[in-house]
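In what follows, a single structure is set out as structure tokens and then discussed.
The values are calculated or read from the model by the stated rules, or taken from the named source; none is laboratory data. Not measured: the values here are computed from a predicted model. With ideal geometry, Cβ positions are generated from the backbone for all residues, glycine too; neighbour counts draw on all protein chains shown.
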Amino acid sequence: MSVILDVPAEQLREDIADRSTEVSKRYHRGKATSKVKLLHQEMQLAYVGSPLALENAQRNLMDMEDDE
């Protein structure tokens, strides 16, 4: 990622670790967006009966309840 952005890797890590930076906010927003897309895809697979997706979806829902 640092190569693509043309930023030293250590600088990128520091910027991401500091939650007050715009870099960190965009990084975490992108990460959350990707996670939502993956969970949505997993649910779609569960709806069509994929045994592994059903198991993962159930675990994800239980994790969500634990977080509440």
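Details
- In the set Leu5, Leu61, only one residue is surrounded by 10 or more Cβ atoms within 10 Å (Cβ to Cβ), under 18 Å from the mean Cα position of the chain (by Cα) and without any contact (Cβ under 8 Å) to a residue 60 or more places away in the chain; that residue is Leu61.
- Residue among Glu68, Glu42 that is under 17 Å from the mean Cα position of the chain (by Cα) and more than 29 Å from Arg13 (Cα to Cα): Glu42
- Every pair of residues 6+ apart whose Cβ atoms lie under 7 Å, when the first sits in the range 8-20 and is within 16 Å of Lys31 (Cα to Cα) and modelled with pLDDT of 95 or more while the second is hydrophobic (A, V, I, L, M, F, W, C) and part of a helix (DSSP H, G or I): Leu12/Leu5; Asp15/Val23; Ile16/Val23
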